[in-house]
Amino acid sequence: MLDALELLDLRDGARIGHGTAIGIAPALWLGRMPSTLHMKRSERLLDILAAWQLLRELHDTTAQAYQIELELQRLLAQVFKAPVSVRLFERAMRLRGLHMGFVASLQKAPDWRWASASLVDSLREEARLVSDAREQDEEALSLLWHWQSDRELWKRSESLFSIETQGELFTPAIYLRLQQALMKRVADRRVIIEILPSSNVRISQYERFEEHHALRWMGIPGHTQDGDTPIMVSLGSDDPGIFAGNLKGEFYQ
């Protein structure tokens, strides 16, 4: 969700579907998930990076942010097989929205010119953004291209490994603070979260409607959490061909 907000620069009425990750009660999620998850190292790297970015902005999670930074450093060493600072990796990942074709052209031909007359206006703008990125932070752009193009690195980043869901790094309290940091980002950008209760109850960790996080976002007593930022929501029915529902039914529930 942090990537969606920042890489797509969502603002002012843009909509994110479901948004379950910043709504579901962390203790409920942890209680119903397997004790061990298998995921790609690249996905875990980006998850840890996002958590580090959010937690270091909060006044009461400095120690946890430091522990997550150490874990991020450990994973970077596994994937890159070379020293890579977490700050450099963060800068490189902020450039993921760039056009990779133009990044490749720039890496292969440093004198490549972005203002080619053969490019249509939209692509010329994409090329200019890549050129600007090189001028502003060539080191980060080079690391991004290394991340995208090195086959051996890619194999390592796509390899699966196991993590414990009940580990010490992320507790229910830390998950809650991450949710609340993201809720504030959503509110500040005036982005709308679409809630799809029937769909979530049928295919998510919920067993009944009374558990659904829509009640938390609506501010219903007994469901809110101290520190939540009010956000704008819209109600949806998800895919009627699959869930055989409609908007009237969602309002009824």
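Quick notes on this structure:
- Residue satisfying all of: in the stretch 178-196; hydrophobic (A, V, I, L, M, F, W, C) and either part of a strand (DSSP E or B) or open to solvent by 40 Å² or more (accessible area, probe 1.4 Å) (or both); nearest to Ile68 (Cα to Cα) among these: Ile193
- Test: Ala65 is under 28 Å from Ser234 (Cα atoms) and of a type outside the set (Val, Ile, Thr): no
- Identity of the residue in the stretch 231-248, part of a loop (DSSP other than H, G, I, E, B) and surrounded by 12 or more Cβ atoms within 10 Å (Cβ to Cβ), that ends up modelled with the highest pLDDT: Ile231
- Taken together, the residues in the stretch 54-72 that are more than 24 Å from Leu160 (Cα to Cα) and out of contact with any helix residue (DSSP H, G or I) (no Cβ under 7 Å at 6 or more places or on another chain) amount to 5.
- Test set (1) more than 27 Å from Leu55 (Cβ to Cβ); (2) surrounded by 13 or more Cβ atoms within 10 Å (Cβ to Cβ) - His223 fails condition number: (1)
- Subset tally (residues that are at pLDDT 90 or above, assigned to a loop (DSSP other than H, G, I, E, B) and either open to solvent by less than 40 Å² (accessible area, probe 1.4 Å) or hydrophobic (A, V, I, L, M, F, W, C) (or both)) for the stretch 197-217: 3
- Some residue of the stretch 122-138 being touching a residue at least 40 places away in the same chain (Cβ under 8 Å) and in contact with a helix residue (DSSP H, G or I) (Cβ under 8 Å, 6 or more places away or on another chain): yes
- Scan the stretch 166-177 for residues that are open to solvent by 30 Å² or more (accessible area, probe 1.4 Å) and either polar (S, T, N, Q) or part of a helix (DSSP H, G or I) (or both) and the total you get is 7.
- Candidates Phe89, Phe102 - the one that is at pLDDT below 90, assigned to a helix (DSSP H, G or I) and surrounded by 18 or more Cβ atoms within 10 Å (Cβ to Cβ): Phe102
- Selection status of Phe251, of a type in the set (Phe, Trp, Tyr), surrounded by 13 or more Cβ atoms within 10 Å (Cβ to Cβ) and at pLDDT below 90: no
- Scope the stretch 136-165; condition among the polar types (S, T, N, Q) and loosely packed, with under 13 Cβ neighbours inside 10 Å; matching residues: Gln136, Ser159, Ser162
The values are calculated or read from the model by the stated rules, or taken from the named source; none is laboratory data. Predicted model, so just to flag it, every value in this text is computed and none were measured. Because the Cβ atoms are built from the backbone with ideal geometry, glycine has one as well, and the counts that use them run over all protein chains shown. Calculation scope for accessible area: heavy atoms of the full protein, side chains included, ligands and nucleic acids excluded. Shrake-Rupley method; radii C 1.70, N 1.55, O 1.52, S 1.80 Å.
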